[in-house]
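Below is one structure, written out as structure tokens; the observations come after it.
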Amino acid sequence: MSALPGSAEGTAVTGLDSSPVQPPAADLPPLTEQTRLEAREIIARYPQPRSALLPMLHLVQSYQGYVTPQGVALCAEELGLTKAEVGAVATFYTMYKRRPTGRHLVSVCTNTLCSVLGGQRIFDALSTDLGLHHDETAADGSITLEHAECLAACDYAPVVTVDYEFYDQQDVESARALVAALRRGEKPHPTRGAPLTDFRGVSRQLAGFDQYGGDGARAAAVDAEGAIDPTLAGLRLAAERGEAAPPMPHPGQPPADTGEPRETVAPSGRTGETPEEEAADARVAAADNPAERAGAAQAHPDKGAEYGQPRGRQRAGTENPPAAEPATGTTPPTPNPPRADGKA
Ligand code: FES
């Protein structure tokens, strides 16, 4: 890790990489007693204080626009952690910014599907227009531009988010118009979800503080109608074709009879079990891999006795060898195999 200009606190912000941290601007709003009280309010939500670190980082970011050395120090003091520990977390997640952020954070998905459908062209156009590279902020402080990995909205590709709100199915011209509106101080409504605030406002929401002034206003804003057509396209197509997914078996019930031969689902062959136990045994036996098998075993009616603790016998279809039977007085111990060199 390279030495940084400025204080030791600056080093803490960078964590394990060598990215430079800009010295705090002279007009950076200070963290106040109010910030500390809100941090303690967050801590009180969790059984373990350190669990509050992520929302606390959003909180300090909401005051100062990025996670400053002062923000790291506040989190460390309130949680009894070292600044290095806080810095290691703050530098791991891309939502915590290490440099002053613009009023709006514009993220362009350039991951596979969005890129194929024009995401990279959008990023390149905005980058050229604004004169910014990834993670840089316009001189007027209006926009920070970044490219993003998959934003979990591939059905709306290519997507752009502003302060994490979605603007779906963008192209170069619509993205240019969106950014121009943001720079004029407008807040175009996202395609779906809550209305746009700004980067500090959404950071405050992510810290768990309401921006809407009451439950009714919040519900009205967040539950606003959005376009979900692309998400439903597969469902609609399946309905047109009369296709349906096979029903999920309920724990404790035998798998539904689909009419297909189930040569991989065989009864255990043991007697004296209830039909539910037989069915659960069959599901364990039919599991294709250890993870499926563990899941099926968890749903077994007598998992505590049969699957949770070894009982010394092999279950059909499992890979675990039976536990060794204890030696008895009539059973001679198994001799050691002979050594290749003939010595005892
Ligand atoms: S690839 Fe862009 S949202 Fe998934």
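Taken together, Asp140, Asp124 contain a single residue that is of a type in the set (Asp, Glu), at pLDDT below 95 and at negative phi, which is Asp140. A single member of Ser18, Ser51, Ser7 is at pLDDT 50 or above, surrounded by fewer than 19 Cβ atoms within 10 Å (Cβ to Cβ) and of a type in the set (Ser, Thr, Tyr), and it is Ser51.
Selection of segment 135-169 for residues being within 10 Å of the ligand (Cβ to nearest atom), out of contact with any Asp or Glu (no Cβ under 9 Å at 6 or more places or on another chain) and hydrophobic (A, V, I, L, M, F, W, C) yields Ala148, Cys150, Leu151, Ala152, Cys154, Phe166.
Could we say that Ala76 is under 30 Å from Thr32 (Cα atoms), surrounded by fewer than 22 Cβ atoms within 10 Å (Cβ to Cβ) and of a type in the set (A, V, I, L, M) here? Judged against the criteria, Ala76 is a match. For Val179, indicate whether it is within 16 Å of the ligand (Cβ to nearest atom), farther than 25 Å from Leu59 by Cβ and either modelled with pLDDT of 95 or more or touching a Phe, Trp or Tyr at 6+ places or on another chain (Cβ under 8 Å) (or both). Against the criterion (within 16 Å of the ligand (Cβ to nearest atom), farther than 25 Å from Leu59 by Cβ and either modelled with pLDDT of 95 or more or touching a Phe, Trp or Tyr at 6+ places or on another chain (Cβ under 8 Å) (or both)), Val179 does not qualify. When we screen Ala217, Ala177 for residues that are aliphatic (A, V, I, L, M), surrounded by fewer than 20 Cβ atoms within 10 Å (Cβ to Cβ), within 19 Å of Val108 (Cα to Cα) and not assigned by TED's automatic domain parsing to the domain that holds Thr35, the only hit is Ala177. Any residue at all in segment 116-132 that is part of a loop (DSSP other than H, G, I, E, B), in contact with a strand residue (DSSP E or B) (Cβ under 8 Å, 6 or more places away or on another chain), among the hydrophobic types (A, V, I, L, M, F, W, C) and in the same structural domain as Tyr167 (by TED's automatic domain parsing)? Yes, the conditions are met somewhere in segment 116-132. The conditions are (1) under 25 Å from Cys114 (Cα atoms); (2) free of Cβ contacts under 8 Å to residues at least 60 places away in the same chain; (3) touching a helix residue (DSSP H, G or I) at 6+ places or on another chain (Cβ under 8 Å), and Arg192 fails exactly one of them. Which is it? Result: Arg192 fails condition (3) only.
Candidates are the residues of segment 100-115 that are in a strand (DSSP E or B) and not hydrophobic (A, V, I, L, M, F, W, C); the one that is nearest to the ligand (Cβ to nearest atom) is Ser107. For Gln34, the stated conditions do not hold, so it cannot be described as modelled with pLDDT of 95 or more, within 15 Å of Pro100 (Cβ to Cβ) and assigned to a helix (DSSP H, G or I).
The values are calculated or read from the model by the stated rules, or taken from the named source; none is laboratory data. Since the model is a prediction, treat every value here as computed from it, not as a measurement. Note that each Cβ is placed from the backbone with ideal geometry, even for glycine, and that neighbours are counted across all protein chains shown.
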